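Q: The structure that follows is given in the form of structure tokens.
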Amino acid sequence: MAKEKKSSIIKDALVLFAITIVAGISLGFVYELTLPVIKEQELKKQTEAYGAIYPDAAEFAADEDLTKLAEEAVTKVLEPNGLKGNTIDAAFVALDASGEKIGYVMSITSGNGYGGAITLSLGYSVDGVIQGMEIISMNETPGFGAKANEPAFKDQFKGKKADLIEFTKSGATADNQIDAVSGATITTTAVTNAVNSGLRFINELVEAGN
């Protein structure tokens, strides 16, 4: 009886193991099938964000040198300037209808949000003016940090011509200042530092190299 029970346990274990293997392979197969779709959706969302922040651009062109500099940004300009936890995820050249370069668009991530990572897109013209900022993804607190995705906050960046942006809780008075999101200092800091990461990347690494 004990022998039969032991045999049954082994058999059940083998069946469970086989099911686990099959399920794992199936999930991996499904993931491989859906990965291109996921990436396509992410690219579409990114492109839409670029169009929203830089409506004057007719095209956003990839540039091998710019991509390489984006990969080097963390060690070359971000961390040395106290912008740890920030990355330049992607960067493209903004072109007008005649193919002339009018600026840049970037995807930037700050890992220092209150609810985790915040990814945004930033447009910046060759004459040093921020064209716009859009939040691509974040997980901030509704009613507080999530307000960073509302026009009242994000539209403050548009039209700013400054090397770096500062935020204030007492009302912006300087050209390089914005008003913080009320009750969300961590979120405001993360977004502002992400924008400043983009500014440093372009001004101190890309344009300086040109």
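Q: Could you grab me the full set of residues in segment 124-145 that are open to solvent by less than 30 Å² (accessible area, probe 1.4 Å), at negative phi and of a type in the set (Gly, Ala, Ser)?
A: SER125, GLY145
Q: So, ALA208, is that one among the hydrophobic types (A, V, I, L, M, F, W, C), more than 19 Å from the chain's Cα centre (by Cα), surrounded by fewer than 21 Cβ atoms within 10 Å (Cβ to Cβ) and assigned to a helix (DSSP H, G or I) or not? Quick ask: steps written out before the conclusion?
A: Details: among the hydrophobic types (A, V, I, L, M, F, W, C): yes; more than 19 Å from the chain's Cα centre (by Cα): yes; surrounded by fewer than 21 Cβ atoms within 10 Å (Cβ to Cβ): yes; assigned to a helix (DSSP H, G or I): yes.
When the stated conditions are applied, ALA208 passes them.
Q: For segment 108-117, how many residues are buried (at least 24 other Cβ atoms within 10 Å of the Cβ) and within 21 Å of GLY51 (Cα to Cα)?
A: Going through segment 108-117 one residue at a time, the tally reaches 1.
Q: Follow-up question, since we're still on this one. Name the residue, out of ALA172, ALA152, that is open to solvent by less than 50 Å² (accessible area, probe 1.4 Å), without any contact (Cβ under 8 Å) to a residue 60 or more places away in the chain and over 29 Å from THR75 (Cβ atoms). Walk me through it before giving the result.
A: Values: ALA152 fails: open to solvent by less than 50 Å² (accessible area, probe 1.4 Å).
From the options ALA172, ALA152, the qualifying one is ALA172.
Q: Can you pull out every residue in segment 175-210 that is more than 17 Å from LEU122 (Cβ to Cβ) and free of Cβ contacts under 8 Å to residues at least 60 places away in the same chain? Show your work before the answer.
A: Initial filter on segment 175-210 (more than 17 Å from LEU122 (Cβ to Cβ)): 175, 177, 179-186, 208-210.
Selection gives ASP175, GLN177, ASP179, ALA180, VAL181, SER182, GLY183, THR185, ALA208, ASN210.
Q: For segment 43-65, how many residues are among the hydrophobic types (A, V, I, L, M, F, W, C), open to solvent by less than 50 Å² (accessible area, probe 1.4 Å) and either farther than 18 Å from GLN131 by Cβ or without any contact (Cβ under 8 Å) to a residue 40 or more places away in the chain (or both)? Full working, then the answer.
A: Initially, segment 43-65 is screened for residues among the hydrophobic types (A, V, I, L, M, F, W, C), giving 43, 49, 52-53, 57-58, 60-62.
Then keep just the ones that are open to solvent by less than 50 Å² (accessible area, probe 1.4 Å); that gives 49, 53, 57, 61.
From what's left, either farther than 18 Å from GLN131 by Cβ or without any contact (Cβ under 8 Å) to a residue 40 or more places away in the chain (or both): 61.
Within segment 43-65, residues that are among the hydrophobic types (A, V, I, L, M, F, W, C), open to solvent by less than 50 Å² (accessible area, probe 1.4 Å) and either farther than 18 Å from GLN131 by Cβ or without any contact (Cβ under 8 Å) to a residue 40 or more places away in the chain (or both) number 1.
Q: Here is a follow-up. Applying the selection to segment 66-96, what residues are assigned to a helix (DSSP H, G or I), free of Cβ contacts under 8 Å to residues at least 24 places away in the same chain, open to solvent by 50 Å² or more (accessible area, probe 1.4 Å) and not hydroxyl-bearing (Ser, Thr, Tyr)? Don't jump to the end; show me each part of the working.
A: To start, the set of residues in segment 66-96 that are assigned to a helix (DSSP H, G or I) comprises 66-81.
Subset that is free of Cβ contacts under 8 Å to residues at least 24 places away in the same chain: 68, 71, 74-75, 79-80.
Remaining after also requiring open to solvent by 50 Å² or more (accessible area, probe 1.4 Å): 68, 71, 75, 79-80.
Within segment 66-96, LYS68, GLU71, GLU79, PRO80 qualify.
Q: Go through the residues of segment 150-168 one by one and say whether even a single one is assigned to a strand (DSSP E or B) and over 26 Å from LEU205 (Cα atoms). Spell out how you get there, then give the answer.
A: Of the residues in segment 150-168, the ones assigned to a strand (DSSP E or B) are 166-168.
Still in the list and also over 26 Å from LEU205 (Cα atoms): 168.
Yes: one or more hits.
The values are calculated or read from the model by the stated rules, or taken from the named source; none is laboratory data. Since the model is a prediction, treat every value here as computed from it, not as a measurement. Cβ sites come from the backbone with ideal geometry, for glycine too, and all protein chains shown count toward neighbours. Accessible surface areas use protein heavy atoms only, side chains included; no ligands, DNA or RNA. Shrake-Rupley method; radii C 1.70, N 1.55, O 1.52, S 1.80 Å.
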